[in-house]
Amino acid sequence: MTSRPRVGDSAPVRLAILGFAWAAAAFLIGGPLAIIFAEAFKPGVAAYLANLATPDTLHAIQLTVATALIAVPINTAFGIAAAWAVAKFEFRGKGLLIALIELPFSISPIVAGVAYLFVYGMQGWFGPWLQEHGIRVMFAYPAIVLASLFVTAPFVAREILPLMQQQGSHEEEAALTLGASGFRTLWSVTLPNVRWALLYGIVLTNARVMGEFGAVSVVSGNIRGVTNTLPLQIELLYQDYNAAGAFAAATVLAGIALVTIVVKLVIEKLEGKS
Amino acid sequence: MSRTPLPGFRLALGLTLAYLSVIVLLPLASLVWQASGLGAARFWTVITGDRALAAFRVTILSALAATAINGIVGLALAWALARYEFPGKRLLDALVDVPFALPTAVAGVALTALFSANGWYGAWLAPYGITIAYAPAGIAVAMAFTSLPFVVRSVQPVLEDLTDDVEEAAQTLGAGSARIFTSVVFPAIFPAFLAGLSLAFARSLGEFGAVIFIAGNQPFRTEIAALLVFIRLEEYDYPAAAAIATAMLALAFVMLLVTNAIQLWHLRYTRAS
């Protein structure tokens with residue numbers, strides 16, 4: 001501990017900064033979280049459950065889960081491959097590759113959605129060919145998965161990459177010397193070493209896939225009860241002046257977001273102990 | 001250079017490049033190709049049309065306002081989390097992650113409900129003649145919500161790494177707290193602060209889900225660029241949608257370069273000190 005107080009440690013300054021930080025967090029973040037649940041449960045628990053159980057909302061939940069079931073494993077595999085290449089090897093253009101991996105973060109989801117339209121839509125590169133062969137990508141499940149893949153591609157790599165770089169390759173070299181195969185080394189040495197970061201990356205990818213709105217709203221076609229994911233369903237209900245239904249659906253996604261944050265807290269606690 | 005005998009380099013790099021090509025580069029290339037089909041003159045006419053220019057102005061001004069809000073709020077949060085111990089610190093830290101994890105559409109409906117005339121905040125602001133929902137201020141609030149974590153998470157680790165001996169030295173030399181903040185602490189966190197601001201600004205420029213619920217979406221007044229792209233698509237005006245989306249993509253690349261330049265400068269700065 002220091003002998004003298006640090007800058008900002010005098011009681012009035014400290015009180016002012018803490019008060020402002022709490023007030024701002026409560027106003028900007030706490031308020032929105034609270035009103036989701038307040039509005040959803042305003043008509044009562046029975047009405048809340050009934051709102052959730054409408055066929056369109058249930059279908060939206062199913063479609064959202066089905067999207068995550070495909071998109072999350074694919075982007076997890078991609079994140080691991082990308083992190084392995086970047087963390088364990090030196091090569092030219094590495095900086096460029098990292099920038100490319102992180103590129104989807106910087107691009108508006110609307111731009112991503114439009115870009116996919118120009119690949120798989122009728123006015124796009126592959127659209128006419130796909131149409132001829134009776135393959136439906138645009139305004140259907142495949143496009144929803146593709147748009148979700150774009151938006152969430154960087155998350156797993158970004159969570160595990162710094163850790164893998166920091167840990168170096170000594171343990172992997174030892175495993176290989178002992179006769180383990182490359183995949184065995186990845187599976188029993190590398191991944192266990194980054195397991196918490198990997199878990200958080202997967203959970204975050206899942207939350208973002210399930211919550212993606214802009215890109216999916218361009219490519220899904222918004223067909224009620226067919227290609228509406230949960231965030232699109234929230235918009236639809238909201239625009240139908242069905243606020244209670246919209247907020248009931250929103251509690252599902254807010255719940256997933258809260259679980260994601262709890263996972264992060266638990267991981268930080270576990271890491272703090274080890 | 002590589003002395004590690006680890007296997008799988010070709011496989012991992014090949015998979016990564018193939019995946020990025022199909023998922024990221026192919027769509028972006030098709031977008032730019034579609035826009036280039038317009039020719040330079042028509043492209044320019046579309047993106048400088050009255051409505052498009054108004055949408056870009058609304059987007060950029062709102063993003064600047066949101067970034068300013070986050071400069072102040074984000075710095076205070078980072079300061080509190082990095083330098084103070086207090087009850088509920090974990091909760092405050094977790095709250096900062098909410099905008100990252102909460103879907104933008106959910107944030108959008110929640111903020112709209114809060115700020116609408118009869119909402120919790122709206123009813124309280126109305127007597128003062130302040131309208132946030134369905135007004136330009138609402139766009140800035142929504143953008144501020146989604147981009148809040150960027151400033152906090154950029155500045156917080158740098159503040160945590162600052163050792164107190166520099167501040168003590170300044171104290172010994174007779175500097176007061178205000179002087180130490182402006183000439184010792186702030187210069188040290190400035191590059192990270194700037195990087196956080198530019199990330200927040202870039203994110204705000206592209207934000208869609210949180211904004212469209214609260215904005216009111218009146219052309220020329222509260223219509224953002226991302227929404228105009230969406231509207232042009234619904235009108236089957238694909239060339240216009242491609243042109244405006246390409247302009248947004250170009251803006252995103254500029255912001256990416258700016259952020260990278262700041263981060264490089266930051267890296268050199270921390271290495272030198």
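The values are calculated or read from the model by the stated rules, or taken from the named source; none is laboratory data. Keep in mind that what you see is a predicted model, and the values were worked out from it rather than measured. Cβ atoms come from the backbone with ideal geometry, glycine included; neighbour counts cover every protein chain shown. The accessibility values were calculated without ligands, DNA or RNA, using every heavy atom of the protein model including side chains. Shrake-Rupley method; radii C 1.70, N 1.55, O 1.52, S 1.80 Å.
Evaluation of A:Phe139 against the conditions (1) open to solvent by 50 Å² or more (accessible area, probe 1.4 Å); (2) in contact (Cβ under 8 Å) with a residue 24 or more places away in the chain; (3) facing another protein chain (nearest Cβ under 7 Å) shows that the sole unmet condition is (3).
Yes/no per residue for (1) under 29 Å from B:Gln34 (Cα atoms); (2) in contact with a Gly (Cβ under 9 Å, 6 or more places away or on another chain):
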| site | (1), (2) |
| --- | --- |
| B:Asp164 | no, no |
| B:Val184 | no, no |
| B:Phe193 | no, yes |
| B:Ala202 | yes, no |
| B:Gly216 | no, yes |
| B:Ile224 | yes, no |
| B:Leu227 | yes, no |
| B:Glu234 | yes, no |
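Within region B:207-225, being open to solvent by 10 Å² or more (accessible area, probe 1.4 Å) and not hydrophobic (A, V, I, L, M, F, W, C) holds for B:Gly216, B:Asn217, B:Gln218, B:Pro219, B:Arg221. Taking the conditions exactly as written (surrounded by 15 or more Cβ atoms within 10 Å (Cβ to Cβ) and at the interface with chain B (Cβ under 9 Å from one of its Cβ atoms)), does A:Leu63 satisfy them or not? Criteria not met by A:Leu63.
Where helices (runs of 4 or more DSSP H) fall entirely within region B:112-195, those with at least 2 residues that are within 11 Å of another protein chain (Cβ to nearest Cβ) and of a type in the set (A, V, I, L, M) are at B:136-161, B:164-172, B:177-180.
Annotation for region A:227-241: at least one member residue is more than 11 Å from chain B (Cβ to nearest Cβ), touching a residue at least 12 places away in the same chain (Cβ under 8 Å) and of a type outside the set (A, V, I, L, M).
Scanning region B:80-91 for residues that are open to solvent by 10 Å² or more (accessible area, probe 1.4 Å) and at the interface with chain A (Cβ under 7 Å from one of its Cβ atoms) yields B:Arg83, B:Phe86, B:Arg90. In this structure, A:Val45 does not qualify as free of Cβ contacts under 8 Å to residues at least 24 places away in the same chain and within 8 Å of chain B (Cβ to nearest Cβ).
For (1) part of a helix (DSSP H, G or I); (2) facing chain A (nearest Cβ under 7 Å); (3) in contact (Cβ under 8 Å) with a residue 40 or more places away in the chain; (4) not small (Gly, Ala, Ser), each residue gets a yes or a no:
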residue: B:Leu64; (1), (2), (3), (4): yes, no, yes, yes
residue: B:Thr67; (1), (2), (3), (4): yes, no, yes, yes
residue: B:Gly74; (1), (2), (3), (4): yes, no, yes, no
residue: B:Ala78; (1), (2), (3), (4): yes, no, yes, no
residue: B:Asp93; (1), (2), (3), (4): yes, no, no, yes
residue: B:Val98; (1), (2), (3), (4): yes, yes, no, yes
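Checking region A:108-117 against the condition returns a match, with at least one residue being free of Cβ contacts under 8 Å to residues at least 60 places away in the same chain, closer than 27 Å to B:Phe145 by Cα, under 26 Å from the mean Cα position of the chain (by Cα) and not in a loop (DSSP other than H, G, I, E, B). Condition first: surrounded by 24 or more Cβ atoms within 10 Å (Cβ to Cβ), of a type outside the set (Lys, Arg) and under 25 Å from A:Val266 (Cβ atoms). Can you find one or more residues in region B:104-112 that meet it? Yes, some residue in region B:104-112 is surrounded by 24 or more Cβ atoms within 10 Å (Cβ to Cβ), of a type outside the set (Lys, Arg) and under 25 Å from A:Val266 (Cβ atoms). Here the condition is being surrounded by fewer than 19 Cβ atoms within 10 Å (Cβ to Cβ), at negative phi and out of contact with any Cys (no Cβ under 9 Å at 6 or more places or on another chain); of B:Ala133, B:Ala117, B:Ala101, it holds for B:Ala117 alone.
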